[in-house]
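K.L.:
Structure incoming, see below.
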Amino acid sequence: MNEYLLEARGLTKEFPAAGKKTVHAVSDVSLRIREGETLGLVGESGCGKSTLGCLMIRMLSPNSGEVLFRGQSVTGMTDKEFHPLRREMQLVFQDPYASLDPRMTVRDLIAEPIETWRLCKSRREVTDRVRQLLRAVGVPEEFLYRYPHQFSGGQRQRIGIARAIAAEPSFIVCDEPVSALDVSVQNQILNLLKELKTSRKLTYLFISHDLSVVRYLSDRVCVMFLGKVCEIGPTEEVYNHPRHPYTRFLLDAVPLPDPSLKGKEIRLLRGDPPSPANPPSGCRFRTRCPYAKERCGLEEPALREISGAQTACHFAEDLKSL
């Protein structure tokens, strides 16, 4: 469990926008994911979570920085060199309604990666393998030749998960896999992901804006704001002792049945989020931070370790008691 399966070093991704502007989606992000763990990636919409996930599995190429898989840099590889590693990195999409080809049966959807990687010798073996995968994700085998539109959202997501594990990967990016589902179905899918992680020895990057979901599934949590990492550390440490002001505001925004359970006044973020096409100087959170000082606009804070977690805030130690 001490080995780092995947490592990002200084990843930066920018996209051209109208008016010769540039959208700074991910800016100089470095993180490591241990083999067998789940790293939760949280932050508000537009902070760069999905872009970072795609960079980690080389679905996007960075403007700068690199990704290492089992200590080997995959960023500069040719497609031919990377081809054997593609099987090891898979993606579970957010929208189960859009991620499955409506013209393909369940059998063909799940069989595609099996056939691509030639994991079975005959068509019959492929079909048997698909049946096994359907059982593994809780979809009845008799639905083998149905089409996606004949399934509920939860069933479609189970089929998407079956397709993701069909190639026997070691690393899966789960890009908000339960956000489009009913709450009752969300729990079923989360439990399925937990079970598959153990039985198939998987490693997850779990992307979500729902902090309660991330807490349930993750071993560590990484908090992003406007393309930068604010805080990263063990899940319970980050949730029980948040050091970065943005993390605190995110946790305060989590709804509770009885708001008085928080034991203090709920703090709300002020102002509007800055544009990723024109991020603030220094700390990118400073324009919304009630504790910002002059230094915050002049100097970008680096991640530094405080009480077992890493935090990018100049005054994190001063804010412990607030």
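The values are calculated or read from the model by the stated rules, or taken from the named source; none is laboratory data. This structure is a prediction, so every number in the text was calculated from the model and none was measured. With ideal geometry, Cβ positions are generated from the backbone for all residues, glycine too; neighbour counts draw on all protein chains shown.
K.L.:
Tell me, please, whether a residue that is buried (at least 21 other Cβ atoms within 10 Å of the Cβ), assigned to a loop (DSSP other than H, G, I, E, B) and either hydrophobic (A, V, I, L, M, F, W, C) or at pLDDT 95 or above (or both) can be found in segment 184-200.
P.N.:
No, that holds for no residue.
K.L.:
Hey, another quick one. Pull up segment 104-119, narrow it to residues that are assigned to a loop (DSSP other than H, G, I, E, B) and modelled with pLDDT of 95 or more, then point me to the one that is surrounded by the fewest Cβ atoms within 10 Å (Cβ to Cβ). Give the steps one after another, and end with the answer.
P.N.:
Our first condition is that a residue be assigned to a loop (DSSP other than H, G, I, E, B); within segment 104-119, this holds for 104-105, 117-119.
Next, from what is left, pick out any that are modelled with pLDDT of 95 or more: 104-105.
Working: Met104: 14, Thr105: 17.
Checking each candidate, the answer is Met104.
K.L.:
So Lys13 fits all but one of (1) in a loop (DSSP other than H, G, I, E, B); (2) in contact with a Pro (Cβ under 9 Å, 6 or more places away or on another chain); what number is the exception?
P.N.:
Against the list (1) in a loop (DSSP other than H, G, I, E, B); (2) in contact with a Pro (Cβ under 9 Å, 6 or more places away or on another chain), Lys13 comes up short only on (1).
K.L.:
Here's another thing I want to ask about it. Give me the residue from segment 50-74 that is assigned to a strand (DSSP E or B) and free of Cβ contacts under 8 Å to residues at least 60 places away in the same chain and, out of that set, surrounded by the most Cβ atoms within 10 Å (Cβ to Cβ).
P.N.:
First pass over segment 50-74, keeping only residues assigned to a strand (DSSP E or B): 64-69, 72-73.
So of that shortlist, the ones also free of Cβ contacts under 8 Å to residues at least 60 places away in the same chain come out as 64-66, 72-73.
On the way: Ser64: 13, Gly65: 18, Glu66: 15, Gln72: 10, Ser73: 12.
Across segment 50-74, the extreme among qualifying residues is Gly65.
K.L.:
For segment 181-195, does any single residue satisfy the condition of being touching a Ser or Thr at 6+ places or on another chain (Cβ under 7 Å), within 26 Å of Pro96 (Cβ to Cβ) and not charged (D, E, K, R)?
P.N.:
First, pick out the residues of segment 181-195 that are touching a Ser or Thr at 6+ places or on another chain (Cβ under 7 Å): none.
There is no residue in segment 181-195 that is touching a Ser or Thr at 6+ places or on another chain (Cβ under 7 Å), within 26 Å of Pro96 (Cβ to Cβ) and not charged (D, E, K, R).
K.L.:
On to the next question. For segment 152-178, which positions are of a type in the set (Asp, Glu) and under 17 Å from the mean Cα position of the chain (by Cα)?
P.N.:
Asp175, Glu176
K.L.:
Additional query: Do we have any residue at all in segment 104-114 that's in contact with a Gly (Cβ under 9 Å, 6 or more places away or on another chain) and without any contact (Cβ under 8 Å) to a residue 60 or more places away in the chain? Spell out the reasoning first.
P.N.:
We begin by selecting, within segment 104-114, every residue in contact with a Gly (Cβ under 9 Å, 6 or more places away or on another chain); these are 109.
In the following step, the residues that additionally are without any contact (Cβ under 8 Å) to a residue 60 or more places away in the chain were identified as 109.
Within segment 104-114 (the criterion being in contact with a Gly (Cβ under 9 Å, 6 or more places away or on another chain) and without any contact (Cβ under 8 Å) to a residue 60 or more places away in the chain), the answer is yes, since at least one residue qualifies.
K.L.:
Could you list, in sequence order, all residues of segment 306-322 that are farther than 18 Å from Phe225 by Cα and touching a strand residue (DSSP E or B) at 6+ places or on another chain (Cβ under 8 Å)?
P.N.:
Gly308, Glu317
K.L.:
Got a number for residues in segment 1-22 being touching a residue at least 24 places away in the same chain (Cβ under 8 Å), surrounded by 14 or more Cβ atoms within 10 Å (Cβ to Cβ) and closer than 17 Å to Arg58 by Cα?
P.N.:
9
K.L.:
Continuing with the same structure: Say we look at segment 229-242 and pick out the residues that are in contact with a Leu (Cβ under 7 Å, 6 or more places away or on another chain) and surrounded by 21 or more Cβ atoms within 10 Å (Cβ to Cβ); which of these is farthest from Gly43 (Cα to Cα)? Please lay out each step first, then the result.
P.N.:
Taking segment 229-242 and keeping what is in contact with a Leu (Cβ under 7 Å, 6 or more places away or on another chain), we get 229, 232, 239, 242.
Okay, now just the ones that are also surrounded by 21 or more Cβ atoms within 10 Å (Cβ to Cβ), so 229, 232, 242.
On the way: Val229: 10, Ile232: 12, Pro242: 14 Å.
Filtering first and then ranking leaves Pro242.
Table: residues versus (1) farther than 24 Å from Arg86 by Cα; (2) in the same structural domain as Gly36 (by TED's automatic domain parsing).
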site	(1), (2)
Gln132	no, no
Glu141	yes, no
Arg146	yes, no
Gln150	yes, no
Gln155	yes, no
Cys174	no, yes
Ser184	yes, yes
Leu193	no, yes
Thr203	no, yes
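K.L.:
To continue, here is another question. What number of residues in segment 206-246 are of a type in the set (D, E, K, R) and assigned to a helix (DSSP H, G or I)?
P.N.:
3
K.L.:
For segment 160-176, which residues satisfy the criterion of being out of contact with any helix residue (DSSP H, G or I) (no Cβ under 6 Å at 6 or more places or on another chain) and either assigned to a loop (DSSP other than H, G, I, E, B) or surrounded by 22 or more Cβ atoms within 10 Å (Cβ to Cβ) (or both)? It would help to see each step written out before you state the result.
P.N.:
Taking segment 160-176 first, the residues out of contact with any helix residue (DSSP H, G or I) (no Cβ under 6 Å at 6 or more places or on another chain) are 160, 164-165, 168-171, 174, 176.
Matches in segment 160-176: Gly160, Ala164, Glu168, Pro169, Ser170, Cys174, Glu176.
K.L.:
Further question: Could you check Glu44 against (1) under 20 Å from Ala312 (Cβ atoms); (2) in a strand (DSSP E or B) and say which number it fails?
P.N.:
Of everything listed in (1) under 20 Å from Ala312 (Cβ atoms); (2) in a strand (DSSP E or B), Glu44 misses just condition (2).
K.L.:
Could you please find all residues in segment 271-302 being of a type in the set (A, V, I, L, M) and buried (at least 18 other Cβ atoms within 10 Å of the Cβ)?
P.N.:
Ala292
K.L.:
Tell me which residues, restricted to segment 120-138, are outside any loop (DSSP other than H, G, I, E, B) and not hydrophobic (A, V, I, L, M, F, W, C).
P.N.:
First pass over segment 120-138, keeping only residues outside any loop (DSSP other than H, G, I, E, B): 123-137.
Arg123, Arg124, Glu125, Thr127, Asp128, Arg129, Arg131, Gln132, Arg135 - these are the residues of segment 120-138 that are outside any loop (DSSP other than H, G, I, E, B) and not hydrophobic (A, V, I, L, M, F, W, C).
K.L.:
Now for a different question. Testing Ser170 on (1) touching an Asp or Glu at 6+ places or on another chain (Cβ under 9 Å); (2) small (Gly, Ala, Ser); (3) at pLDDT below 95, one condition comes back false. Which one is that?
P.N.:
Failed condition: (3).
K.L.:
Right, next: Report whether or not Gly40 is out of contact with any Phe, Trp or Tyr (no Cβ under 8 Å at 6 or more places or on another chain) and either within 23 Å of Arg284 (Cα to Cα) or at pLDDT 95 or above (or both).
P.N.:
It is false that Gly40 is out of contact with any Phe, Trp or Tyr (no Cβ under 8 Å at 6 or more places or on another chain) and either within 23 Å of Arg284 (Cα to Cα) or at pLDDT 95 or above (or both).
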